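Engineer: Before I ask anything, let me first share the structure, which is written out below as structure tokens.
The values are calculated or read from the model by the stated rules, or taken from the named source; none is laboratory data. In this text the structure is predicted, and so the values were computed from the model without any measurement. All Cβ positions, even for glycine, are placed from backbone atoms using ideal geometry, and neighbour counts span all protein chains on display. SASA here: full protein model, heavy atoms, side chains in, ligands and nucleic acids out. Shrake-Rupley method; radii C 1.70, N 1.55, O 1.52, S 1.80 Å.
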Amino acid sequence: IEEVSVGDIVLTHKGKWKPIIAKACTGQRETIQTKAQGVPYLITTPDHKLWTRKNDKARAKDYLEETDPAWVESKDAAGGWVNLKLPETEKTTLTKQEWWIIGRYLADGHMGTRGDFHISVGAEKVGEFEKHADGFLGTRREVDAIQYRLKNLSEGLKAMLKKCGRGAENKQVPIEGICLEKEFAENLLDGYLSGDGCKAGNATMACSVSRALLLGMAMVAQRARGVIASVYAGKSAGKHVIEGREVNQKQLWVMSWREGEREFGAILEDGAWKKVHKPIKTGTQETWSIQVEG
């Protein structure tokens with residue numbers, strides 16, 4: 001929140017994009033982390049209010065639709081459900097294949113020094129990639145992995161790839177990707193999972209050093225497949241051995257869901273409702289507040 005600026009557009013609890021009209025540092029204050037499914041590292045003051053459904057029923061989840069949402073202080077949200085409402089869908093001028101390319105680029109792509117775009121592909125995934133990227137395959141070369149330089153890119157696709165960010169830790173899903181209609185969202189998600197994803201039984205998982213990327217992809221998965229994805233901290237930053245090489249790795253984040261299971265939450269007409277487990281004290285920190293239009 002300290003990195004956003006007045007004029008930036010943010011998504012509200014009603015699924016609306018609104019501009020920030022004011023921002024201020026509110027000093028050093030006591031803070032807590034709200035532990036909830038798919039809500040990674042949410043740090044607020046204890047009196048910060050969350051849009052929450054909470055009831056006193058014995059089988060509380062069964063009564064979610066009968067429970068009116070309200071603003072609940074984060075220190076009192078345990079046992080309730082917090083909300084993620086997706087924004088309205090918007091038409092796209094890009095094709096489904098182009099959105100698949102964008103997803104694959106978010107997983108393993110980078111921009112070259114000449115402003116061209118490259119995607120790295122493991123040897124075992126070359127066949128799948130070449131099938132999906134047919135018509136966009138340019139020069140192929142082998143470095144640490146097989147790299148393809150993309151060609152025949154429309155101006156719209158180039159612009160969207162630039163919005164994906166540079167460097168693995170700065171990747172994020174463009175707003176247009178979060179607003180895709182369901183079938184286009186599936187192509188974006190499938191492209192991303194073809195690079196960063198894996199299966200473990202009936203669980204789908206993906207790992208990234210970009211927390212923002214996985215938060216965006218969790219929204220894409222909610223739209224495309226009707227699932228509530230968990231996003232949580234994985235392997236901590238530090239020296240790790242990857243394929244026999246010691247590397248300095250940044251904090252790793254994990255996104256996962258199990259097909260057909262939403263035991264910790266529910267998707268209703270007003271969004272996905274995610275179970276709050278407990279608040280955890282996180283000490284005194286510098287805090288910020290923003291105000292949005294309306």
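Engineer: With Rg and the Kirkwood Rh both taken from Cα atoms, where does Rg over Rh land for the range 21-124?
Structural biologist: Reported Rg/Rh, Kirkwood definition of Rh: 1.15.
Engineer: A further question follows. If I compute percent of Cα pairs over 25 Å apart from the structure I just sent, which labelled value in (1) 47; (2) 53; (3) 62 lines up?
Structural biologist: (2)
Engineer: Same structure again: Please compute the contact order of the chain in relative form: average sequence separation of alpha-carbon pairs under 8 Å and at least six residues apart, divided by the residue count, as a percent.
Structural biologist: Over the chain, the number comes to 28 percent.
Engineer: Moving to a separate point now. With +1 on the Cβ of every Lys and Arg and -1 on the Cβ of every Asp and Glu, and nothing else charged, how large is the dipole of the chain about its Cα centre, in debye rounded to the nearest 20?
Structural biologist: So the dipole magnitude of the chain works out to roughly 400 debye.
Engineer: Take a quick pass over the range 141-238 and tell me how many lysine pairs come in under 19 angstrom between Cα atoms, counting only ones 8 or more apart or on separate chains.
Structural biologist: 7
Engineer: While we're on this one: Using only the Cα atoms of the range 74-132, each taken as one equal point scatterer with no solvent, compute I(q) by the Debye sum, divide by I(0), and report log10 of the ratio at q = 0.13, 0.20, 0.26 Å⁻¹.
Structural biologist: -0.60, -0.87, -1.16
Engineer: For the range 25-89, what is the charge dipole size about the Cα centre, in debye to the nearest 20, if Lys and Arg each add +1 at the Cβ and Asp and Glu each add -1 at the Cβ?
Structural biologist: Dipole magnitude for the range 25-89 comes out near 200 debye.
Engineer: To the nearest Å, what is the center-to-center distance of the range 184-204 and the range 263-291, using C-alpha atoms only?
Structural biologist: About 25 Å separates the Cα centre of the range 184-204 from the one of the range 263-291.
Engineer: Add -39500 (n - 2.57) for each DSSP H run of 4 or more in the chain, then divide by its residues: what number comes out at 222 nm, to the nearest 500 deg cm²/dmol?
Structural biologist: Helices in the chain give a 222 nm mean residue ellipticity of -6500 deg cm²/dmol.
Engineer: Using a probe radius of 1.4 Å on heavy atoms only, what accessible surface per residue do you get for the chain? Whole Å² is fine.
Structural biologist: Normalised by residue count, the accessible surface of the chain is 54 Å².
Engineer: Just give me a number: lysine pairs in the range 1-121, eight or more positions apart or cross-chain, with C-alpha atoms less than 18 Å apart.
Structural biologist: Lysine pair count for the range 1-121: 16.
Engineer: Within the range 167-204, which residues have the backbone N less than 19 Å from the label spot 7 Å out from GLU293 along Cα→beta-carbon, could you tell me?
Structural biologist: It comes to 175-176, 179, nothing else.
Engineer: In whole Å, how far is the Cα centre of the range 112-169 from that of the range 67-101?
Structural biologist: The distance from the Cα centre of the range 112-169 to that of the range 67-101 comes to 29 Å.
Engineer: Moving on. Apply the Karplus curve 6.51 cos²θ - 1.76 cosθ + 1.60, θ = phi - 60°, to the phi angles in the range 273-283 and return the couplings in whole Hz, x for Gly and Pro.
Structural biologist: 10, 10, 5, 8, 8, 5, x, 10, 5, 10, x
Engineer: Give me the distance in nm between label points sitting 7 Å out from Cα along the Cα-to-Cβ direction at LYS18 and ASP144, one decimal.
Structural biologist: 4.3
Engineer: Near LYS239, which lysines are there with a Cα under 19 Å away, not counting those fewer than 8 places off in the same chain?
Structural biologist: LYS250
Engineer: At most 11 other Cβ atoms within 10 Å and a DSSP loop assignment: could you name the GluC sites (Glu not before Pro) in the range 1-84 that fit?
Structural biologist: Working: sites: GLU2, GLU3, GLU30, GLU65, GLU66, GLU73; in loops: GLU2, GLU3.
Here the sparse-neighbourhood loop sites are GLU2, GLU3.
Engineer: For ALA58 and CYS198 in the same chain, what is the full-extension length gain: residue separation times 0.36 nm, less their Cα-Cα distance, in nm?
Structural biologist: Going from the current span to full extension adds 46.7 nm.
Engineer: Relative to the longest principal axis of the C-alpha atoms of the chain, give the angle of the C-alpha long axis of helix 211-225, reported between 0 and 90° and rounded to the nearest 10°.
Structural biologist: Approximately 90 degrees, to the nearest ten.
Engineer: Label GLU3 and GLN249 with points 7 Å out from Cα along Cα→Cβ: what is the distance between them in nm?
Structural biologist: Inter-label distance under the simple model: 2.1 nm.
Engineer: Roughly how tilted is helix 96-108, in degrees to the nearest 10 and between 0 and 90, from the longest Cα axis of the chain?
Structural biologist: Roughly 80 degrees between the two axes.
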